[in-house]
Amino acid sequence: MSAGQATVLLEHHLKALRLPTILREYAPVAAACTAEKADYATYLLRLTERELLDRERRAADRRLKAARLPVTKTIDTFDFAAQPSVNETLVRELLRGEYITQRHNVLIVGNSGTGKSHLATALAFAACAQGRKVRFWTVTQLVRQLLESREERSLQRLLTHLERHHLLVLDELGYVPFTKAGAELLFEVVSRAYERQSLIVTTNLPFEAWTEVFGSERLTGALLDRLTHRVHILEANGESYRLKEAKKSRKRTQNTKPK
Ligand code: ADP
Ligand code: MG
């Protein structure tokens, strides 16, 4: 076999085996190994290491995309000093992801603009990086999707799809009240998740007000029971970050005006 034929065959095999990084790098790494007088095993080790690293990176990108975070927010851009009501120690502990292994839930409660969605997104982002399957939903989106699926007789498929995640984020519970059917379907998701998946729920509602949104005391009781059995509660109270920023910039422009 000529060298040219061997190359063609090798590249074909690497493609068939789905080793794109080795395909891209086998020649330059071979040149480097020859120069260093590295042995065959070292050459193979370097190639497989690169393939593995790239594979992990590609998987992480896919996981992040599949999580459908509304925006990519991480904890690096969260200013704890601006929101002292948030328990930073607990947030840092949650970022390690042990709660997902234990199938515990996280409830983030507080008024509007206090960083609840930011924190939920940062936790979801960290979970993706740790290899977890994550999906972010606003509650309204999810309930709409559940109702639509039921209509189209594909509810079981959606529920099974939801179950395949380690972590579901349900953002903004309580902004819109549910219909009876919507409340029951959401209850179904929370029930199925119980002790099998972790949920992060953000809400502006104190517990007393949940019945009003779910429309049934019995359902609310059962839901809260499951959601809060093993739960970490993060409170984000205080002034809205957006409002504070707006006030600051208004003050800045006032101060820079010529007197
Ligand atoms: P909530 O979900 O509680 O209504 P968000 O998380 O949507 O609030 O926060 C509103 C905006 O303010 C977002 O752009 C968010 O990134 C930002 N924000 C809120 N709190 C903080 C904070 N402590 N540090 C940095 N940005 C913050
Ligand atoms: Mg929010």
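The values are calculated or read from the model by the stated rules, or taken from the named source; none is laboratory data. Here the structure is a predicted model, which means the values were calculated and not measured. When we count neighbours, we look across all protein chains shown, and the Cβ atoms used for this are built from the backbone with ideal geometry, even at glycine. Remember, those area values only see protein heavy atoms, side chains included, never the ligands or the DNA or RNA. Shrake-Rupley method; radii C 1.70, N 1.55, O 1.52, S 1.80 Å.
The one condition from (1) open to solvent by 40 Å² or more (accessible area, probe 1.4 Å); (2) in contact with a Leu (Cβ under 9 Å, 6 or more places away or on another chain); (3) away from ligand 1 (no atom under 16 Å from the Cβ) that LEU162 does not meet is (1). Residues in the stretch 92-101: is at least one over 30 Å from ARG55 (Cβ atoms), β-branched (Val, Ile, Thr) and touching a Ser or Thr at 6+ places or on another chain (Cβ under 9 Å)? No: zero hits.
VAL71 passes every criterion in (1) in a helix (DSSP H, G or I); (2) open to solvent by 70 Å² or more (accessible area, probe 1.4 Å) apart from (1). Of ARG57, ARG24, ARG103, ARG96, all but one fail to be more than 30 Å from HIS229 (Cβ to Cβ), of a type in the set (D, E, K, R), modelled with pLDDT of 95 or more and open to solvent by 40 Å² or more (accessible area, probe 1.4 Å); the exception is ARG24.
Among residues of the stretch 113-124 that are under 12 Å from VAL86 (Cα atoms) and open to solvent by 10 Å² or more (accessible area, probe 1.4 Å), those with a beta-carbon under 7 Å from a residue that is part of a helix (DSSP H, G or I) and near ligand 1 (Cβ under 6 Å from one of its atoms) at least six positions away or on a different chain give the pairs GLY115/TYR241.
Which of the residues belonging to the stretch 129-141 are more than 16 Å from ligand 1 (Cβ to nearest atom) and crowded, with 21+ Cβ neighbours inside 10 Å? So that I can check it myself, show each step before the final result.
To start, the set of residues in the stretch 129-141 that are more than 16 Å from ligand 1 (Cβ to nearest atom) comprises 129-135.
Answer for the stretch 129-141, where residues must be more than 16 Å from ligand 1 (Cβ to nearest atom) and crowded, with 21+ Cβ neighbours inside 10 Å: just VAL134.
Confirm whether ILE108 is open to solvent by less than 30 Å² (accessible area, probe 1.4 Å), away from ligand 2 (no atom under 16 Å from the Cβ) and either modelled with pLDDT of 95 or more or under 19 Å from VAL231 (Cα atoms) (or both).
On the way: open to solvent by less than 30 Å² (accessible area, probe 1.4 Å): yes; away from ligand 2 (no atom under 16 Å from the Cβ): no; either modelled with pLDDT of 95 or more or under 19 Å from VAL231 (Cα atoms) (or both): yes.
Criteria not met by ILE108.
Applying the selection to the stretch 66-101, what residues are over 23 Å from ARG132 (Cα atoms) and of a type in the set (S, T, N, Q)? Listed by number, the residues that qualify are GLN83, SER85, ASN87. Against the test of being at negative phi and either of a type in the set (Lys, Arg) or open to solvent by 100 Å² or more (accessible area, probe 1.4 Å) (or both), the options ARG18, ARG63 yield a single qualifying residue, ARG63. For the stretch 60-75, a residue qualifies if it is within 16 Å of ligand 2 (Cβ to nearest atom) and closer than 16 Å to HIS166 by Cβ, and the qualifying residues are ARG68, LEU69. Within the stretch 125-163, if we keep just the residues that are touching a residue at least 12 places away in the same chain (Cβ under 8 Å) and in a loop (DSSP other than H, G, I, E, B), the residue that is nearest to THR179 (Cα to Cα) turns out to be LYS133. Residues of the stretch 203-212 that are under 17 Å from GLU184 (Cα atoms) and in contact with a helix residue (DSSP H, G or I) (Cβ under 8 Å, 6 or more places away or on another chain): TRP210, THR211.
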